[in-house]
Number of protein chains: 2
Amino acid sequence: MHYLPPALETLVEQFAKLPGVGVKSAQRLAFHVLSLPQEEADQFAKAIHDAKRSIHCCPICQNFTEGDGPCPICADQRRDTSVLCVVSDPKDVVAMERSREYRGLYHVLHGVISPMNHVGPDDLHVKELVARVAEGSVQEVIMATDPDTEGEATAMYLSRLLKPFGARITRLAYGIPVGSHLEYADDATLMRALEGRRDI
Amino acid sequence: MHYLPPALETLVEQFAKLPGVGVKSAQRLAFHVLSLPQEEADQFAKAIHDAKRSIHCCPICQNFTEGDGPCPICADQRRDTSVLCVVSDPKDVVAMERSREYRGLYHVLHGVISPMNHVGPDDLHVKELVARVAEGSVQEVIMATDPDTEGEATAMYLSRLLKPFGARITRLAYGIPVGSHLEYADDATLMRALEGRRDI
């Protein structure tokens, strides 16, 4: 690393800070940036700058949004305001929307409860969720946190917290992923798929 | 991708343009940038901007450098100016310097001759190399292009071009990589290793 000009070394270090990018990849990316036309490199720098400055959390669902007021999903009059889907991350909203199946609203926690990482309910957007459910118009809350230990625990914690308000609390179904092979399914998934079997 | 705010989508697109970064990874990287403190995101944007603005090719060896005049390697009085190592890419200078073995100078071609990709000698820094060798003080030119078809062809082309000037033209040795296993070596490498065997 001592053979690179300082500005290039700085750029390599910046890339190496990204998740999943090691020093070798960071070098490759930095050299790629140098090979870009000036204009494209500037656009890249500007995109980082702009995204960080202009994007903030929607005051209602806490999903990432731009500009003032609620995000496009919360502002959409055609969505079903009686259903809330609770996800841990803005990426999960993208995944849910991609399915084109869900027409309700979201609530983004921005994390999961994780005592190991010192993340408690107060570090997440839990009280905003409680306020939305307490307000009374929500009929169903779908817990769509990840099906891992922390996601499970978060879903359980929230369901106990929200039960008193009378809304129906549901959890996404577990089972065999569509298009996969039974022989590769793990025991826990198979067990859950069997438990959740339905008449056809 | 229609579920992201425009500034975030722009950032994802920018990341997705990087080599080896798909849309999924680009999304992950963009979300990571959003999770950074404002200051760190700005530093990242600045690093891209600065690197592209301040780095240019050394007027002597064509390696990347900052500031006016020759690069630190060309300017280093302790280096052996009678030996030139010809590489295709600035990354290769980094690799050679890492070995701490080579004390001569470099010449960076910025590519290899590749008729398939319409890259001819005129698209590379070949005439600068010829000028350096023609000047007369260079005793040896080490061809250190990659040991693939294009690297080979480039080395052959340059050696014919430079022979008339009387300098010794050499090529990096082929053979078994240190720390590898004979059983995994390919036939071509084994053949070259056998050809290049030395007394011990």
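Quick notes
- Test: residue in region A:62-70 that is open to solvent by less than 40 Å² (accessible area, probe 1.4 Å) and either of a type in the set (Ser, Thr, Tyr) or under 14 Å from A:ALA144 (Cα atoms) (or both): yes
- Among the residues of region B:98-109, the ones that are within 17 Å of B:PRO70 (Cα to Cα) and within 11 Å of another protein chain (Cβ to nearest Cβ) come to 1 in all.
- For region B:74-86, the criterion of a residue being touching a residue at least 24 places away in the same chain (Cβ under 8 Å), basic (Lys, Arg) and open to solvent by less than 30 Å² (accessible area, probe 1.4 Å) is satisfied by at least one position.
- Residues located in region A:1-19, provided they are open to solvent by 50 Å² or more (accessible area, probe 1.4 Å) and more than 7 Å from chain B (Cβ to nearest Cβ): A:MET1, A:HIS2, A:GLU13, A:LYS17
- Count of residues meeting criterion [open to solvent by 40 Å² or more (accessible area, probe 1.4 Å) and either under 32 Å from the mean Cα position of the chain (by Cα) or among the polar types (S, T, N, Q) (or both)] in region A:26-38: 4
- Test: residue in region A:159-175 that is among the hydroxyl-bearing types (Ser, Thr, Tyr) and out of contact with any Asp or Glu (no Cβ under 9 Å at 6 or more places or on another chain): yes
- B:ARG79 falls short on exactly one of the conditions (1) out of contact with any Phe, Trp or Tyr (no Cβ under 6 Å at 6 or more places or on another chain); (2) within 16 Å of A:LEU8 (Cβ to Cβ), and that condition is (2).
- Set side by side, the residues A:VAL23, A:VAL93 differ, and just one is within 14 Å of chain B (Cβ to nearest Cβ) and under 13 Å from the mean Cα position of the chain (by Cα), which is A:VAL93.
- Once region B:162-174 is narrowed to residues that are in contact (Cβ under 8 Å) with a residue 24 or more places away in the chain and assigned to a loop (DSSP other than H, G, I, E, B), the residue that is farthest from B:GLU195 (Cα to Cα) is B:ALA167.
The values are calculated or read from the model by the stated rules, or taken from the named source; none is laboratory data. None of the values given here were measured: they were computed from a predicted structure. Neighbour counts run over all protein chains shown; Cβ positions are idealised from the backbone, glycine included. With ligands, DNA and RNA removed, areas are computed over all heavy atoms of the protein, side chains included. Shrake-Rupley method; radii C 1.70, N 1.55, O 1.52, S 1.80 Å.
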